[in-house]
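Worksheet: the structure to be examined is printed underneath.
The values are calculated or read from the model by the stated rules, or taken from the named source; none is laboratory data. This one's a predicted model, so the numbers in the text were calculated from it and none came from an experiment. Counting neighbours? That spans all protein chains shown, and the Cβs are built from the backbone with ideal geometry, glycine included. To get the accessible areas, we keep the full protein, side chains included, count just its heavy atoms, and leave off ligands, DNA and RNA. Shrake-Rupley method; radii C 1.70, N 1.55, O 1.52, S 1.80 Å.
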Amino acid sequence: MQKNYLFYVSTFQFLLLPFFSSPVAAQEHRLELSYTKPAKVWEECLPLGNGRLGMMPDGGVTNENITLNDITLWSGSPQDANNYDAYKYLPQIRGLLAQGKNDEAQAIINKNFICTGAGSGNGSGAKDPFGCYQVLADLNLHFSYGDGQQPVYTHYKRELSLDQAISKTTYTIKGVTYTKEYFCSFGSDISLIRITADRPNQINCSVSLTRSENGESAANSKSVVLTGQLPAGDGKPGMRFMAKVTPVLTGGILSYEHEKLVIKNATSVTFYISAATDFHRPDIAGRIDSLIQSSLRKSYSDERREHIHGYQQLFNRVSLQIGKSPVSNVPTDVRLRNFQKDPDPDATLPVLFYQYGRYLSICSTRVGLLPPNLQGLWANQTQTPWNGDYHLDVNVEMNHWPLEVSNLSELNLPITKLVEGMVPYGEKTAKAYYNSRGWVAHVITNVWGFTEPGEEASWGVTKVGSGWVCNNLWQHYDFTGDQQYLKEIYPVLKGAALFYSDMLVPDKRTGWLVTSPSSSPENTFYLLNGKTASICEGPTIDNQIIRELFGNVITAGNTLRIDSSFCDSLRQKIKQLPPVGRISKDGRLMEWLEEYKETDIHHRHISHLYALYPGTLITTDETPDLAEACRKTLEARGDDGPSWSIVYKQLFWARLHDGNHAYLLLKHLLRLTDRKDMNYGAGGGVYLNLFSAGPPFQIDGNFGETAAIAEMLLQSHAGYIELLPAIPDAWKSSGEVNGLKARDNVTVSFRWENGRITSYRLTSNSKKTVKLKINGSLETVYTTVL
């Protein structure tokens with residue numbers, strides 16, 4: 001194995017240290033999910049995807065169901081749900097808030113200041129204009145093994161390789177071993193399934209495509225096809241879609257009956273699966289046929305090799321090893337159960353879960369398409385939970401938190417395009433509700449550009465959705481330093497800042513400039529009259545996001561040498577904003593401008609800690625008192641919650657440099673559950689396939705955990721790079737990471753033993769001077785030029 005050497009200077013010694021250059025060298029453990037039974041429910045199936053197409057096979061022996069997805073398949077259509085008279089009620093609403101009559105203000109908002117029409121349908125908008133991300137189709141394979149009896153199978157294994165993005169199922173019946181291999185190709189942009197038997201002429205099955213509604217299937221001598229059209233929500237037809245399956249046999253006979261294909265006595269079968277919608281591209285059938293024909297011209301082995309190569313261009317950028325445990329062949333469900341009870345838990349399970357999050361990111365989005373939604377890419381219903389939409393009050397942002405630090409930077413570009421598309425709609429909303437310039441988005445959006453308030457004041461009027469998602473756009477610039485990208489996003493950032501600058505009003509008591517009306521996402525408090533409300537003036541998260549956004553726009557303006565007068569106006573506004581945080585009588589960080597008592601001290605949202613993460617305005621170095629107030633807030637909130645809330649708290653604890661508490665939350669997340677109810681409180685965990693469970697399935701917990709593990713290993717938000725800032729005792733023995741990213745486009749690799757760094761390497765495209773905190777010492781070092 002080739003070695004590089006790096007001179008490392010410390011206060012105490014001068015060492016010549018070996019460093020392995022291969023990004024996958026440290027990954028000695030197999031990155032594999034494995035099971036000894038077919039999946040019983042969808043949440044046990046293994047997810048595959050290539051950023052556009054998704055597939056989830058259940059590994060059935062007699063009947064196999066494979067759920068198919070296309071990231072662009074949405075019902076609904078563009079709509080204008082703005083109430084253009086809403087701004088006329090602002091003086092009345094603000095007056096009541098200034099008098100402490102928040103409940104009365106909230107009543108007016110519910111009547112006159114929400115969206116018109118059905119809005120999101122309260123999270124069930126599949127047949128409304130808001131629409132819903134939906135399942136594409138189910139591919140059904142029915143196998144026969146000769147005698148018509150229920151087969152007895154042995155040596156069953158179902159697995160997913162994260163290294164190759166390939167799933168495989170094997171089992172033996174009557175001395176014949178059957179192998180099924182599945183992948184969504186990063187080469188030819190189709191999905192493939194190959195079924196083989198180790199004896200000739202043993203494969204007999206029927207093939208059909210079905211959908212519970214809005215789809216019709218038909219078969220011919222070569223293929224089975226499903227076509228359909230979803231409702232637009234306004235009485236008109238909406239998005240068209242199509243899926244096509246073409247099998248190629250070695251030996252045997254292919255025929256068709258009604259709506260299904262029949263395969264008899266084949267030795268192997270390769271299914272070529274393609275799909276498309278008319279989202280931005282009308283020629284569905286032509287594109288599908290072209291993709292299938294292109295793939296048919298290649299051998300299966302070539303297609304497989306191209307797929308692995310394309311996928312690994314992204315996945316192999318980062319490797320992680322913790323401890324020196326041998327490669328484990330224990331099934332994943334057993335490992336999960338053991339992790340909760342074993343006093344010396346499997347140190348490779350967190351590595352698997354970290355890389356699983358990277359795998360899901362790579363598989364659920366790609367440049368030029370849509371970002372992952374609440375379901376990522378994978379859905380098995382026509383009415384997905386909460387419409388499978390983009391929630392702007394933490395969830396879609398969390399989906400993107402691991403991308404920069406985990407060296408998948410370009411996968412942040414789809415969210416940029418989505419936000420750019422929201423701007424013209426958000427400009428109408430800003431004018432309609434606040435008579436303001438710029439653009440605003442509230443709590444939810446979709447592929448159709450929805451920016452209006454939601455249909456209920458208690459959650460739908462939070463207005464920092466646009467500011468929060470601007471942080472995601474900024475992070476891409478902060479990590480890459482790409483000034484061309486900064487120039488592209490500057491109008492988006494400026495427009496969001498212009499809106500807040502326009503709509504801020506003086507607080508009657510303090511004189512601070514605050515948002516009014518607003519709310520702290522989805523939370524509620526008690527008033528002095530004993531009633532409850534959510535609507536308020538100047539919640540802490542608003543003050544933090546607006547301060548951060550104004551600062552980023554000023555930095556961007558200076559960098560691009562534009563808009564000096566506008567930037568000057570923002571500097572003056574920043575001076576009039578409330579502080580980043582204020583400390584309550586009990587030592588916690590205040591969530592609202594007033595010291596209200598929350599109705600649920602364990603509420604899932606912890607939005608007022610935004611400045612700790614993903615923001616950078618609260619740090620243990622610069623604002624220790626506020627950091628301590630954040631700690632007390634987390635202690636009072638508790639550790640449990642939906643999966644995304646658990647990992648958000650883990651991220652906070654990592655920023656507070658408490659690795660053991662962060663690790664405790666990791667253990668909380670890795671609890672097996674089979675719950676599927678709509679959960680808003682305690683009880684988050686993971687399903688058997690490691691999908692995060694709110695419940696129900698929401699992918700943000702997977703992505704948030706990947707971000708949290710990275711944050712425990714590397715931080716670069718406080719003006720310097722810190723290695724192992726929050727390492728728990730359970731990981732201290734030894735480890736190695738290669739390929740993580742720090743801000744300013746620095747690639748970071750290092751090794752540790754007994755909790756101390758033993759070697760490291762910092763690389764960049766040009767030589768840079770950086771501050772590095774290593775083993776408790778802050779030093780100035782130079783990067784190695786790639």
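Observations
- Flag if LYS157 is modelled with pLDDT of 95 or more, in contact with an Asp or Glu (Cβ under 6 Å, 6 or more places away or on another chain), under 30 Å from GLY376 (Cβ atoms) and not in a loop (DSSP other than H, G, I, E, B): no
- The number of residues in segment 659-684 being buried (at least 19 other Cβ atoms within 10 Å of the Cβ) and out of contact with any strand residue (DSSP E or B) (no Cβ under 9 Å at 6 or more places or on another chain) comes to 6.
- Among (1) modelled with pLDDT of 95 or more; (2) open to solvent by 10 Å² or more (accessible area, probe 1.4 Å), the one test that ASP700 misses: (2)
- Of the residues making up segment 235-275, those that are among the basic types (Lys, Arg) and either more than 40 Å from the chain's Cα centre (by Cα) or assigned to a strand (DSSP E or B) (or both) are ARG240, LYS244, LYS260, LYS264.
- Scanning segment 550-581 for residues that are open to solvent by 10 Å² or more (accessible area, probe 1.4 Å) and without any contact (Cβ under 8 Å) to a residue 24 or more places away in the chain yields GLY551, ILE554, THR555, ASN558, ARG561, SER564, SER565, ASP568, ARG571, GLN572, LYS575.
- Matching residues, segment 98-111, being assigned to a helix (DSSP H, G or I), under 18 Å from THR515 (Cβ atoms) and free of Cβ contacts under 8 Å to residues at least 60 places away in the same chain: ILE108
- Output for segment 687-741, where each listed residue is outside any loop (DSSP other than H, G, I, E, B) and small (Gly, Ala, Ser): SER692, ALA693, GLY701, GLY704, ALA707, ALA708, ALA710, ALA730, SER734, GLY735, GLY739
- Of residues in segment 587-633 being part of a loop (DSSP other than H, G, I, E, B) and among the β-branched types (Val, Ile, Thr), the one farthest from ASP658 (Cα to Cα): THR599
- Segment 447-467 - residue that is charged (D, E, K, R) and buried (at least 24 other Cβ atoms within 10 Å of the Cβ) and, of those, nearest to ALA496 (Cα to Cα): LYS463
- Annotation note: of THR783, THR769, THR758, the sole residue that is more than 28 Å from the chain's Cα centre (by Cα), over 17 Å from TYR356 (Cβ atoms) and buried (at least 22 other Cβ atoms within 10 Å of the Cβ) is THR783.
- Residue check for ILE288: part of a helix (DSSP H, G or I), modelled with pLDDT of 95 or more and in contact with a Lys or Arg (Cβ under 7 Å, 6 or more places away or on another chain): yes
- Any hit, segment 567-587, residues being on the phi > 0 side of the Ramachandran plot and acidic (Asp, Glu): no
- Residue match in segment 634-641 (condition: out of contact with any Ser or Thr (no Cβ under 7 Å at 6 or more places or on another chain), open to solvent by 10 Å² or more (accessible area, probe 1.4 Å), in a strand (DSSP E or B) and touching a residue at least 12 places away in the same chain (Cβ under 8 Å)): no
- Some residue of segment 238-254 being within 16 Å of VAL61 (Cβ to Cβ) and not aliphatic (A, V, I, L, M): no
- The condition of being more than 12 Å from the chain's Cα centre (by Cα) and polar (S, T, N, Q) holds for only one of ASN380, ASN395, that being ASN380.
- Residues of segment 288-327 that are over 28 Å from the mean Cα position of the chain (by Cα) and under 27 Å from GLU753 (Cβ atoms): LYS324, SER325, PRO326, VAL327.
- Filtered residues of segment 324-360 (kept if open to solvent by 10 Å² or more (accessible area, probe 1.4 Å) and small (Gly, Ala, Ser)): SER325, SER328, ALA347
- From GLY454, GLY467, GLY481, GLY426, residue being at positive phi, modelled with pLDDT of 95 or more and among the small types (Gly, Ala, Ser): GLY481
- Subset of segment 545-562 [under 12 Å from TYR490 (Cβ atoms) and of a type in the set (Val, Ile, Thr)]: VAL553, ILE554, THR555, THR559, ILE562
- Test result for ILE583, out of contact with any strand residue (DSSP E or B) (no Cβ under 9 Å at 6 or more places or on another chain), under 27 Å from THR532 (Cβ atoms) and not charged (D, E, K, R): no
Listed here are the residues, each with its yes/no results for (1) free of Cβ contacts under 8 Å to residues at least 24 places away in the same chain; (2) open to solvent by less than 10 Å² (accessible area, probe 1.4 Å); (3) touching a strand residue (DSSP E or B) at 6+ places or on another chain (Cβ under 8 Å).
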| site | (1), (2), (3) |
| --- | --- |
| TYR178 | no, no, yes |
| TYR182 | no, yes, yes |
| ARG194 | no, no, yes |
| PRO200 | no, no, no |
| LEU209 | no, yes, yes |
| SER223 | no, yes, yes |
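- Exactly one residue out of ILE263, ILE273 is open to solvent by less than 10 Å² (accessible area, probe 1.4 Å), touching a Cys at 6+ places or on another chain (Cβ under 6 Å) and not small (Gly, Ala, Ser), and it is ILE263.
- Among residues of segment 156-170, those that are open to solvent by less than 40 Å² (accessible area, probe 1.4 Å) and within 21 Å of ARG304 (Cβ to Cβ), counted: 10
- Residues within segment 502-549 that are polar (S, T, N, Q), open to solvent by 40 Å² or more (accessible area, probe 1.4 Å) and not in a loop (DSSP other than H, G, I, E, B), tallied: 1
- Candidate set: segment 324-364, residues that are of a type outside the set (A, V, I, L, M) and touching a His at 6+ places or on another chain (Cβ under 9 Å); chosen: the one nearest to ASN50 (Cα to Cα): SER361
- Being over 24 Å from GLY685 (Cα atoms), open to solvent by 10 Å² or more (accessible area, probe 1.4 Å), of a type outside the set (D, E, K, R) and touching a His at 6+ places or on another chain (Cβ under 7 Å) is true of ASN63.
- Note on segment 292-323: residues that are under 23 Å from SER406 (Cβ atoms), assigned to a loop (DSSP other than H, G, I, E, B), open to solvent by 30 Å² or more (accessible area, probe 1.4 Å) and not basic (Lys, Arg) total 1.
- Checking each residue in segment 104-153 for being crowded, with 21+ Cβ neighbours inside 10 Å and of a type in the set (S, T, N, Q) picks out GLN106, SER120, GLN134.
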